[in-house]
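Structure, as structure tokens:
The values are calculated or read from the model by the stated rules, or taken from the named source; none is laboratory data. These figures come from a predicted structure and were not determined experimentally. In this analysis, Cβ positions are derived from the backbone assuming ideal geometry, glycine residues included, and neighbour counts consider all displayed protein chains. With ligands, DNA and RNA removed, areas are computed over all heavy atoms of the protein, side chains included. Shrake-Rupley method; radii C 1.70, N 1.55, O 1.52, S 1.80 Å.
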Amino acid sequence: MGRRPVTVRLARWSAEHPWRAIALWVVFVAVCFVGGNAAGLNEATDDDQAIGEFGRAQLIVDSGGFHEPAIENVLITPRAGTLDQAAAKAAAADATARLRQVEGVTSVGAPLPSRGGNAVLVPITMSGDPETAADRVQPLRDTTAKVQEAHPALRVEQVGGPSIGKALDDTLGKDFKRAELLSLPVTLAILIIAFGALIAAGVPVLLALSSVAAAMGLSTLASHLVPATDTTASVILLIGMAVGVDYSLFYVRREREERAKGRSGLDAVEIAAETSGHAVVVSGTAVIISMAGLLLAQDAIFSSLAVGSILVVAVAVIGSLTVLPALLAKLGRWVDRPRVPLLWRLTAPRAGRHGQPARPRFWPAVLKPALRAPLATLVVSVGLLLALAAPALGMKLKFPGMEDVPRTTAAMQAYDRLTAAFPSNGTSHTVAVKAPAEQADRVKAALTGLADRAGADPLFAPAEGDGPKIKVSADRRVSVLEVATPYASRTDEASRSLHELRQDLVPAALKGIPGVEYAVGGGVAASEDYADHIWAKLPLVAAFVLALTFLVMAWTFRSVVVALTSIVLNLLSAGAAYGLLVLVFQGSWAEGLLGFTSMDAIVTWLPMFLFVVLFGLSMDYHVFVVSRIREGIRQGMSNKDAVAYGITSSAGVVTSAAIVMVGVFSIFATLSTIDFKQLGIGLAAAILLDATIIRAVVLPSLMTLLGDANWWAPRFLRGRAATPPAEPPAPAPELVGAR
């Protein structure tokens, strides 16, 4: 007999030395976690995240070294009708006097009436680091509340960046806390249903959580090479729980299945390592390749997500090959304790004919159309998926704006009243100019003229108060002008105002100034530039992922056809998910059902992220199912019997894994923000489609139709067939009659 695969050798050593393997894993996780915390996190800066003209504008502004204090406002408006000017003046004076006494307030500006005369604004400048202003804004809010009590006839509100930030932090904090509290019990409950035993359900969760802990520490260390962003930890948790549970589920189910045939604990672990362990390595490699594709986007956010995801997948694979066999060997039959009586009877593997576990009746019934009429089944199922994918052709990409933030908080309701009365405080464009210091006066005059011309254009909001405020750096080399538009950031009018600035107003105003460099940034610019960036990079990322995944699958299964069909099926799954996202979120029919307001677009970063995540996670199922089909082929089954055996023998574990992921991802759809709703729905829908229609209908019909051609490969790719197990699997009796 030839040398055993490395997965088997690792599993055998771990099973024979369980305490050593478990101790080494605990030490590894602890060292990673503690080492990461000791090294500290290196976060990405604005320079790292500069994209397009928006990024250039941000870099110019940063080079000016401006001190940007946090600004808050007290907004005074009538509760109904017109504003009582005398009462508003008294309230403004009261607010000014009180706020000047509050610690953390640098200055309180003069009250500013709105152009319509129906609102008064009192600006407040806060001291300290503006990044932490949201944590220090509560005393100001408390003081404003006292002013409101003293003037009940008016509406007196606190509004500004820090107060909005605090309100959002509170809302999102509650959201994420609820998601975290729900995700673990949901995962555990589904696994208990899948296994019918508490310890068996707990093992996958334990591996997933320890993998996440180790990867968190490693990603912190890696941030000193690739700067991290504030979303990295969330993605590590999301991906880590998904793959950690999947890999453990595949392994534990196969080990239990082998024990049900009467094999010893060590033999069962070895067979699980040779089959499911091999599938875990291949699928883990596929996920890592998919995530590595994000590095080609040349984007700090995606690079950070790629590094975090690669680390957590690699750790989960290592854990499933080392500590998992040790746990299973040490637990032995205790892994099936304590049993949940009813669930255990439904889920426990039972010996059937030929020493094989008894087959369920449900999946043979589902498979009959694919086995009896593969061409018709394939045409109908693919047609349905293509129809679902068709709306993706009309996908539009935009960043969520302030209008997409939930209006359930007082701060956001006050923001709406602020922008209605003072449009220049809403959406704005940043004109950033860099020129030699001796040209500073010419630049200022040009920007003043630009502001005057923009103020006369209905696409722009006129400047409030004393006119345009132009900031000039201490070295007089950088000048910045904010040009407001009265339209929300995602509207066509806001987009037109950006293009008018970039193409006409700014070039005309700064023409002829020697050595001038300029760019137009702001929220609208960030949305449009990032969308252009995504559309430009997505083909490159997709080509990289497809090409390398094809090579891995072709080498693993020694079949060009299997590799090609893997790619096509995953593309079909991703396309259907894209189409469903567009159907749900670019229209308004699901607003009431899911609790959102349509932004008539998909969040800009989502398509690329969804593509790599779905391609990687979908490959988990595909590798596991096709591995079982190939087992049948190597034992001498006909192609049709092998397809039936592979689907029915893997259906339970694939369904369980999919239900776990769908359950966890669906929790994200309950969060308040539109980007997490879209992420949750997109991931949950894609996994559900992949585990049902793709794996149970399209895959078996396609492989049945192709027959022996499934396993074609050029001569150089053909490898020596692996030695079959001593007891070949027999086809399910229910499927013999389905031929």
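Values as computed for the structure displayed
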| quantity | calculated |
| --- | --- |
| Residue check, Arg558 surrounded by fewer than 20 Cβ atoms within 10 Å (Cβ to Cβ) and over 17 Å from Val698 (Cβ atoms) | yes |
| Residue in the range 255-309 that is least open to solvent (accessible area, probe 1.4 Å), counting only those that are among the β-branched types (Val, Ile, Thr) and within 30 Å of Asp48 (Cα to Cα) | Val287 |
| Set Ile602, Ile629: member being in contact with a Phe, Trp or Tyr (Cβ under 8 Å, 6 or more places away or on another chain), of a type outside the set (Phe, Trp, Tyr) and under 23 Å from Leu388 (Cβ atoms) | Ile602 |
| Qualifying position, being aliphatic (A, V, I, L, M) and part of a loop (DSSP other than H, G, I, E, B), among Met619, Met637, Met608 | Met637 |
| Selection within the range 593-616 - free of Cβ contacts under 8 Å to residues at least 60 places away in the same chain and within 18 Å of Arg490 (Cα to Cα) | Ser598 |
| Residue check for Ala590: open to solvent by less than 10 Å² (accessible area, probe 1.4 Å), on the phi < 0 side of the Ramachandran plot and free of Cβ contacts under 8 Å to residues at least 12 places away in the same chain | yes |
| Selected residue (only one of Glu493, Glu528, Glu500 is more than 32 Å from the chain's Cα centre (by Cα) and open to solvent by 10 Å² or more (accessible area, probe 1.4 Å)) | Glu500 |
| Some residue of the range 675-693 being aromatic (Phe, Trp, Tyr) and over 30 Å from Thr597 (Cα atoms) | no |
| Filter result (under 16 Å from Arg453 (Cβ atoms) and either modelled with pLDDT of 95 or more or touching a Pro at 6+ places or on another chain (Cβ under 9 Å) (or both)) within the range 467-485 | Leu481, Glu482, Val483, Ala484, Thr485 |
| Flag for Val280 being part of a helix (DSSP H, G or I), of a type outside the set (Gly, Ala, Ser) and touching a Leu at 6+ places or on another chain (Cβ under 6 Å) | no |
| Ile192 being over 22 Å from the mean Cα position of the chain (by Cα), β-branched (Val, Ile, Thr) and either closer than 24 Å to Val660 by Cα or assigned to a helix (DSSP H, G or I) (or both) | yes |
| Any chance Ala446 is of a type in the set (Gly, Ala, Ser), in contact with a strand residue (DSSP E or B) (Cβ under 9 Å, 6 or more places away or on another chain) and open to solvent by less than 30 Å² (accessible area, probe 1.4 Å) | yes |
| Residue list for the range 623-656, filter: open to solvent by 10 Å² or more (accessible area, probe 1.4 Å), among the basic types (Lys, Arg) and in contact with a Ser or Thr (Cβ under 8 Å, 6 or more places away or on another chain) | Lys640 |
| Residue, most open to solvent (accessible area, probe 1.4 Å), within the range 376-429, restricted to residues that are among the aliphatic types (A, V, I, L, M) and within 16 Å of Ser489 (Cα to Cα) | Ala420 |
| Selection count, the range 17-34, where residues are outside any loop (DSSP other than H, G, I, E, B), closer than 19 Å to Val203 by Cβ and more than 26 Å from the chain's Cα centre (by Cα) | 10 |
| Any hit, the range 510-521, residues being over 31 Å from the mean Cα position of the chain (by Cα) and β-branched (Val, Ile, Thr) | yes |
| Single residue of Ser183, Ser163 found to be in a helix (DSSP H, G or I) and in contact with a strand residue (DSSP E or B) (Cβ under 7 Å, 6 or more places away or on another chain) | Ser163 |
| The listed residue being touching a residue at least 24 places away in the same chain (Cβ under 8 Å) and under 30 Å from Gln298 (Cβ atoms), out of Leu41, Leu140, Leu99, Leu75 | Leu41 |
| Count - residues of the range 162-198 that are at pLDDT below 75 and either aromatic (Phe, Trp, Tyr) or more than 21 Å from Thr670 (Cα to Cα) (or both) | 1 |
| Of residues in the range 685-733 being surrounded by fewer than 18 Cβ atoms within 10 Å (Cβ to Cβ) and acidic (Asp, Glu), the one modelled with the lowest pLDDT | Glu727 |
| Long-range neighbours under 7 Å by Cβ, at least six apart or interchain, first residue open to solvent by 40 Å² or more (accessible area, probe 1.4 Å) within the range 163-175, second in a helix (DSSP H, G or I) and of a type in the set (A, V, I, L, M, F, W, C) | Lys166/Ala134; Asp169/Ala134 |
| Subset of the range 30-83 [touching a strand residue (DSSP E or B) at 6+ places or on another chain (Cβ under 7 Å) and among the acidic types (Asp, Glu)] | Glu43, Glu53, Glu72 |
| Output for the range 509-525, where each listed residue is among the small types (Gly, Ala, Ser) and either open to solvent by less than 40 Å² (accessible area, probe 1.4 Å) or without any contact (Cβ under 8 Å) to a residue 24 or more places away in the chain (or both) | Ala509, Gly512, Ala519, Gly521, Gly522, Ala525 |
| Selection status of Ile659, open to solvent by 30 Å² or more (accessible area, probe 1.4 Å), hydrophobic (A, V, I, L, M, F, W, C) and in contact (Cβ under 8 Å) with a residue 24 or more places away in the chain | yes |
| Neighbours by Cβ (under 6 Å, 6+ apart or cross-chain): first from the range 678-700, over 11 Å from Tyr621 (Cα atoms); second open to solvent by less than 10 Å² (accessible area, probe 1.4 Å) and of a type in the set (Phe, Trp, Tyr) | Gln678/Phe585; Gly680/Phe665; Leu683/Phe665; Ala684/Phe665 |
| Selection from the range 153-191 of residues that are β-branched (Val, Ile, Thr) and within 20 Å of Ile239 (Cβ to Cβ) | Val186, Thr187, Ile190 |
| Answer from Ser127, Ser114, Ser107 - the residue that is touching a strand residue (DSSP E or B) at 6+ places or on another chain (Cβ under 8 Å), without any contact (Cβ under 8 Å) to a residue 24 or more places away in the chain and either of a type outside the set (Val, Ile, Thr) or over 17 Å from Val74 (Cβ atoms) (or both) | Ser107 |
